[in-house]
1. So which residues in the stretch 218-253 are in contact with a helix residue (DSSP H, G or I) (Cβ under 7 Å, 6 or more places away or on another chain) and under 21 Å from Ala52 (Cα atoms)?
2. In the stretch 91-135, which residues are without any contact (Cβ under 8 Å) to a residue 40 or more places away in the chain and part of a loop (DSSP other than H, G, I, E, B)?
3. Residues that are at pLDDT 95 or above and in contact with a His (Cβ under 8 Å, 6 or more places away or on another chain): does the stretch 83-94 have at least one?
4. Looking at the stretch 56-88, which of its residues are part of a loop (DSSP other than H, G, I, E, B) and within 20 Å of Ala20 (Cβ to Cβ)?
5. Can you tell me which residue within the stretch 148-188, out of those that are aliphatic (A, V, I, L, M) and within 20 Å of Arg135 (Cβ to Cβ), is surrounded by the most Cβ atoms within 10 Å (Cβ to Cβ)?
6. Just one of Ser126, Ser95 is crowded, with 17+ Cβ neighbours inside 10 Å and polar (S, T, N, Q); which is it?
7. Contact list please: Cβ distance under 6 Å, first residue in the stretch 158-175 and in a strand (DSSP E or B), second residue hydroxyl-bearing (Ser, Thr, Tyr) and at pLDDT 95 or above, pairs at least six apart or on different chains.
8. Of all residues in the stretch 113-170, which are in contact with a strand residue (DSSP E or B) (Cβ under 7 Å, 6 or more places away or on another chain) and among the aromatic types (Phe, Trp, Tyr)?
Amino acid sequence: MKIIIRKFKEYFWKEQWNIAIFRGKISDFVEGKIKEKDLNWLFSDYKNSFCADPFLIEKNGSTFLFFEEFEYKKQKGRIMVSEILEDESGAIFASEAKVALDHDNHISYPFVFSYDGKIFMLPETSSKKEVALYRATNFPLEWKKEKVLINNFAGIDATLHFSKDRWWIFCSDDKLGCNENLCIFHAKDLFGKWKAFTQNPVKSDIRNSRMAGPLFFWKKQLIRPAQNCEGTYGKEIILNKVESLSIKDFKEESIATFATNKKSEYGEGMHTISASEKFVAIDAKKFLGIRKFLDPWNSKRKALKSKMRQVFQKNV
């Protein structure tokens, strides 16, 4: 019955994602020290779009939040950025969001990081069938495509990690089901030749494959956050302890599951976690009571009316 109710909600209601942030370490989250009252929800007033995929980075003492804003009308995402601020009472809030990166195609999951004195972003551009690296030319609003790391590949939620003198990309292959697999690529140099893991996909499991943010260390263990998409997209976050990572072998073990409080406003799912030196950000979703099929139906109806108008004008 619960699955039927959830599917009913997904079909008839839109998803509304929001981003929450709290001051602390990612270990506070893993160890269950963060309570619902500690979360600061940032974009609750968004009605025509939702905000998800939060990534944090600190520069010159300031903390910046990059995220996806998905516009319902256009049915595509773009990358936005806000600065994380605190008022005199210690309340945390975000500055007015500005566009950092926008394409004609959908773009999301702005994996942002510092390397060699520069700031880079590896956003998801799977609709262009490439995994491309961008460099900030005037941080945080101006970016240049630096290099296509993986071509002719629709990589979902590509996530970089450097370990054992080698770069790694963890992602999902859209052709195999965007929520159902994990693939790994590796390179000795970030700008060098990237090779696919010989055992790709290294995992095929809708409950524990798709990336849910950057890898991180907890108690000296490398942790890979993944999404559980069984029953609904972004149902919850699974933390996996990476036991082996080499060009010939990958093994991991699930150690924890994190989900939002079902009784809270955003209690229908969670699918990204990231951290900076000062803050941790997550995203979570609720459903809006708007029938999903009305949007595509209205779009088709408007397109048909436009064509009929053109035909009528030609015949007059």
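1. Gly231, Thr232, Leu239
2. Scanning the stretch 91-135 gives Ser95, Glu96, Asp102, His103, Asp104, Asn105, His106, Ile107, Asp116, Gly117, Lys129.
3. Taking every residue of the stretch 83-94 in turn, none turns out to be at pLDDT 95 or above and in contact with a His (Cβ under 8 Å, 6 or more places away or on another chain).
4. Asp87
5. Selected residue: Ala158.
6. Numbers: Ser95 fails: crowded, with 17+ Cβ neighbours inside 10 Å.
Residue meeting the stated conditions: Ser126.
7. Pairs found: Phe170/Thr159.
8. Phe113, Phe120, Tyr134, Phe139, Trp143, Phe153, Trp167, Trp168, Phe170
The values are calculated or read from the model by the stated rules, or taken from the named source; none is laboratory data. Treat the numbers as computed from the prediction; the structure is a model and nothing was measured. Every residue, glycine among them, receives a Cβ derived from its backbone with ideal geometry; neighbour counts consider all protein chains shown.
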